[in-house]
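The values are calculated or read from the model by the stated rules, or taken from the named source; none is laboratory data. For clarity, every value in this text was computed on a predicted model and none was experimentally measured. Cβ placement follows ideal geometry from the backbone for every residue including glycine, while neighbour counts extend to all protein chains displayed. Ligands, DNA and RNA are stripped out before the accessible areas are found, and what is left, the full protein with its side chains, is counted by its heavy atoms. Shrake-Rupley method; radii C 1.70, N 1.55, O 1.52, S 1.80 Å.
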Number of protein chains: 2
Amino acid sequence: MPKSSDDRPYLRGVLSPVVTPFKANLEIDKRRFVAHCRWLLDNGCDGLAVFGTNSEANSMTVQEKIELLDALLDAGVDPGRLMPGTGACAIGDAVALSAHAVKSGCAGVLMLPPFYYKNVPDEGLARYFGEVISRVDDPRLRVYLYHIPPVAQVGISLDLITRLRRDGPDTVVGIKDSSGDWSNTKAVLDAFAAGGFQVFAGSDDFLLTNLRNGGVGCITASGNVNSPAIGRLYATWEQQGADDRQRALTQTRSLLAKYPMIPALKAAIAHYSGDPDWATVRPPLQALSPAQAETLAKSLAEDGFTMPGLPRPGM
Amino acid sequence: MPKSSDDRPYLRGVLSPVVTPFKANLEIDKRRFVAHCRWLLDNGCDGLAVFGTNSEANSMTVQEKIELLDALLDAGVDPGRLMPGTGACAIGDAVALSAHAVKSGCAGVLMLPPFYYKNVPDEGLARYFGEVISRVDDPRLRVYLYHIPPVAQVGISLDLITRLRRDGPDTVVGIKDSSGDWSNTKAVLDAFAAGGFQVFAGSDDFLLTNLRNGGVGCITASGNVNSPAIGRLYATWEQQGADDRQRALTQTRSLLAKYPMIPALKAAIAHYSGDPDWATVRPPLQALSPAQAETLAKSLAEDGFTMPGLPRPGM
């Protein structure tokens, strides 16, 4: 296990798992992607968890992700604010993308466990992460574990974290907990936060609670559209009215969560940017119907929601 | 949707989802793979479903699979007996491997649905298969759908089959049903077998029942070790004693099924070939412990099980 020798600060705060824009022919639209990333960083996001679940990252090939990361860096985005998702079912795929991210200077990588085989032993998962880390073989590598059992079905147990932290305390540095189960996040915080383990809530619903219990922020789907307000809570969470600001976040998220999240996020961006192409998703996902998109837009408007300064077509 | 213009016979009978041998460093051992494929074809297998669940195919990169398929063809194995697994979460990956298989002359491809996102609509799955088929764009392509909800969690519904058969009757030609639920296989047979849809049971447990109800064979994990007996039942299923032969298959499979299937298959091959390297699996899977492997070997021996003519190290 390589030892980390650098003093880079850890990413903290609000990260968005950036949705990926596609053209009508399902190709990635790099220009719109870069523009949306810039908007997020200028509007409340401390970092970008590109290639996450909400990015449809598993609907993209490794090569597509490498090229998209390069496009983002070529556009001048600071790699120190990036935490690309690099986990994959095959060790070779996870190594290729993780190594590219580390060489590019990314602050960390967010790693799903291999998610095809179910009911695998922690021993096998530990060997998987150990193999990826030793093959990337770079002391700058910082791995954030990605616990999202509702989707991956394969989770990251406390025993597994203990083992990985023991084997690579400078490498396995944090987690995103998207279990939706606060009692799990709390158990992770209680066991590991004091030792410097960086715990991100997987939803802004838990941002305030996570910060109050030793967590470092959230990596949240709704960050794609509501990052200004989420960033404001992060900046002021110890000030008066934080609970009210949290309630407002939760309310906005609940409007999106009435629909499948990724199509809903893209429908909202399409609406506020005036760019209908944003609604495109890759199969097997399905865009909201026009009626659904209209109802969502109406409910967001009634809630006073806006996305100021969002790039519009041609910008 | 391209129309099929050839008169190749459909693959039928007993197919093995061939386990993939790895070296200690987890590299694929092509030599041992080719030798095992040859043994299977000489010992009861009508075809080889390489790159299936039992092949640890999702623990291999697309490039590794392309090179392994090439190695098999270079060794002189008839592509007309091959049905490689080519489904993937990303359309680009499924297209790359499917196109290579078709160009290589493979009899068909066995396609998992994209399995990361859960609870996706049939509409999205239909678009996924449609995109892959139209991008491969080759009238020789024959797709067998792979229904394995216990692992993939994303299944192939009867409605989806209906839709895919309507859109591409000459392309979407069959299914492997690994639900383990005979009532589902029966429903698929009742709905589609009369129209020429090729229904493989996903386990030799259902071989006889499937054949008696209009199915065409099985694609079965235990085919990796028990292909001689399974092939014998297929060849004689309409003759006296078929039920006894089926019971014997089910008994052998039950001995393997006391353990995780892939490690058990590899432990059995390691034992009967005298080649301990066969036990190696890629993470996240874990090999049987020596004690487990010994107990399995003992139970197989007590059952009178053998693997005659299995290639031994150095052969």
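Per residue of A:221-234, how many C-beta atoms from partner chains lie within 10 Å of its own C-beta, taken as a mean?
On the way: counts 0, 0, 0, 0, 0, 0, 0, 0, 0, 0, 0, 0, 0, 0.
Mean shielding by partner chains, rounded to a whole number: 0.
Kindly report the accessible area of the protein assembly as shown per residue (heavy atoms of protein chains, probe 1.4 Å, no ligands, DNA or RNA), in Å². Mind dumping the intermediate values first?
On the way: 22970 Å² over 630 residues.
Averaged over the residues of the protein assembly as shown, the accessible area is 36 Å².
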For region A:76-223, go through all pairs of different Cα atoms, get the mean of 1/r, take its inverse, and jot down that Kirkwood value in Å. 15.2
Hey, which residue of B has the C-beta nearest the axis mapping B onto A, and what's the distance in Å? B:153, 3
Extend 7 Å from the Cα of residue A:298 along its Cα-to-C-beta direction; within region A:258-291, residues with backbone N under 19 Å of that point are A:258-260, A:264-265, A:267-272, A:288-291
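Past 31 Å, Cα to Cα: identify those pairs from A:186/B:118; A:118/B:103; A:103/B:65; A:65/B:103; A:65/A:258, in the order given. Write out the running numbers ahead of the final one.
Details: A:186/B:118 26 Å; A:118/B:103 33 Å; A:103/B:65 27 Å; A:65/B:103 27 Å; A:65/A:258 29 Å.
Over 31 Å apart, Cα to Cα: A:118/B:103.
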Can you report the principal axis dimensions of region A:18-146 using only the alpha carbons, biggest first, rounded to whole angstrom? 42, 33, 24
Checking region B:187-263 for trypsin sites (Lys or Arg not before Pro) in a loop per DSSP with at most 13 other beta-carbon atoms within 10 Å yields B:258
The size of the Cβ-based charge dipole (Lys, Arg +1; Asp, Glu -1) of region A:76-138 about the Cα centre, to the nearest 20 debye, is 120
What is the Cα centroid distance between region A:131-176 and region A:196-251, reported in whole angstrom? 23
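Normalised by the residues of region B:101-170, what does the relative contact order come to in percent, with Cα pairs under 8 Å and at least six apart?
On the way: 67 pairs, mean separation 29.0, N = 70.
Over region B:101-170, the number comes to 41 percent.
When the dipole is taken about the Cα centre of region A:65-174, and only Lys, Arg (+1) and Asp, Glu (-1) are charged at their Cβ, what size is it in debye, to the nearest 20? Write down the numbers at each step before the final one.
On the way: 11 positive and 13 negative charges, 43 e Å.
Computed about the Cα centre, the dipole is about 200 debye.
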Under the Kirkwood approximation for Rh and a Cα-based Rg, what ratio Rg/Rh is obtained for region A:183-283? 1.04
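Sort A:271, B:147, A:100 from largest to smallest accessible area, using a 1.4 Å probe on the heavy atoms of the protein chains. Intermediate results must be reported in sequence, preceding the final value.
Working: A:271 100, B:147 20, A:100 50 Å².
Putting A:271, B:147, A:100 in descending order of accessible area: A:271, A:100, B:147.
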Under a cut-off of 12 Å between alpha-carbon atoms, report the aspartates and glutamates in cross-link reach of residue B:23, not counting same-chain residues fewer than 8 places apart. B:275, B:277
Calculate, in whole percent, how much of the Cα-Cα pair population of region B:245-314 lies beyond 19 Å. 31
Note on chain A, DSSP bridge orientation, antiparallel percent to nearest 5 equals 5
Heavy atoms of residue B:295 accessible to a 1.4 Å probe, total area in Å² rounded to 10: 80
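Helix-derived [θ] at 222 nm for chain A: sum -39500 (n - 2.57) over DSSP H runs of at least 4, divide by residue count, nearest 500?
Details: 12 runs with 139 residues, N = 315.
That comes out to -13500 deg cm²/dmol.
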Project the alpha carbons of chain A onto their principal axes and report the range along each, largest first, in whole Å. 51, 46, 37
Taking only Cα atoms of region A:220-275, radius of gyration then Dmax in Å: 12.3, 38
Quick one: length gained pulling residue A:71 to residue A:258 fully straight, 0.36 nm per residue minus the C-alpha distance? 64.0 nm
If you count, for every residue in A:112-124, the Cβ atoms of partner chains within 10 Å of its Cβ, what is the mean? 6
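Could you size up the charge dipole of region A:3-139 around its Cα centre, putting +1 on the beta carbon of Lys and Arg and -1 on that of Asp and Glu, and report it in debye to the nearest 20?
Values: 14 positive and 18 negative charges, 40 e Å.
Computed about the Cα centre, the dipole is about 200 debye.
Given a Förster distance of 56 angstrom, what is the FRET efficiency for residue B:135 paired with residue A:235, based on the Cβ-Cβ distance and rounded to 0.05? Don't skip to the end; give the middle numbers.
Numbers: r = 46 Å, r/R0 = 0.82.
Using R0 = 56 Å, I get an efficiency of 0.75.
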Taking every DSSP bridge whose two residues both lie in the protein assembly as shown, the antiparallel percent to the nearest 5 is 5
Given a 1.4 Å probe and the protein chains all in place, what does the accessible area of residue A:285 round to, in Å² to the nearest 10? 20
Dimensions of the protein assembly as shown along principal axes (Cα, Å, largest first)? 82, 52, 39
Tell me the distances, shortest first, between residue B:276 and the same position across the other copies, using label points 7 Å along Cα→Cβ, in nm to one decimal. 6.7
